[in-house]
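Structure record follows, encoded as structure tokens.
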């Protein structure tokens, strides 16, 4: 018997439910690299850096269509908190950043660099 998904934060980070939709509709591209910073012998600190490229003008143009697709994901259909969050989503870069970080990146810890490309 198959166990029913919990659709909690751990599930979101392991399944990145919004990534495919944003890749197809807005040319989302995420590059992840590990940054090493040797501070002292035997002590090594490292973190991840994400380069995120996203076509925001295309997102704005297709906002309502994209929002409907996001609401139709298993995550939103089975988790009221995420449904309400996406349903109240506004078309601003700051809100889209949260959607990308929380719904498109597995375990999003590190630094982020954004490239809001234009239609050219």
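FYI, it's all coordinate maths here, none of it is from the lab. Values in this document were obtained by computation on a predicted structure and should not be read as measured data. Heads up, the Cβs are rebuilt from the backbone with ideal geometry, glycines too, and the neighbour counts pull from every protein chain shown.
Counting every other Cβ atom within 10 Å of each residue's Cβ, 91, 26 order from fewest to most as 91, 26. Approximating the spin labels as points 7 Å out from Cα along Cα→Cβ, the residue 72-to-residue 9 distance works out to 3.0 nm.
Size descriptor for the chain, Kirkwood hydrodynamic radius: 15.6 Å (Cα pairs only, one decimal).
For the pair residue 98 and residue 114, label points projected 7 Å from Cα toward Cβ lie 1.3 nm apart. Each stretch of four or more DSSP H residues adds -39500 (n - 2.57); spread over every residue of the chain, this sum gives -12000 deg cm²/dmol at 222 nm.
The label point for residue 31 and the one for residue 91, both projected 7 Å from the Cα toward the Cβ, are 3.0 nm apart. Relative to the longest principal axis of the Cα atoms of the chain, the long axis of helix 93-104 makes an angle of roughly 80 degrees.
How would you rank 7, 82, 48, going from fewest to most other Cβ atoms within 10 Å of each one's own Cβ? List each step's numbers first, then the result.
On the way: 7 20, 82 23, 48 15.
With the fewest neighbours first, 7, 82, 48 line up as 48, 7, 82.
When Rg and the Kirkwood radius Rh are both evaluated on Cα atoms of region 1-70, their ratio Rg/Rh stands at 1.16.
Determine the gain in length on full extension of the stretch residue 53-residue 65; use 0.36 nm per residue of separation and subtract their C-alpha separation, reporting nm with one decimal.
On the way: separation 12, 0.36 × 12 = 4.32 nm, distance 2.03 nm.
Working it through step by step, the gained length comes to 2.3 nm.
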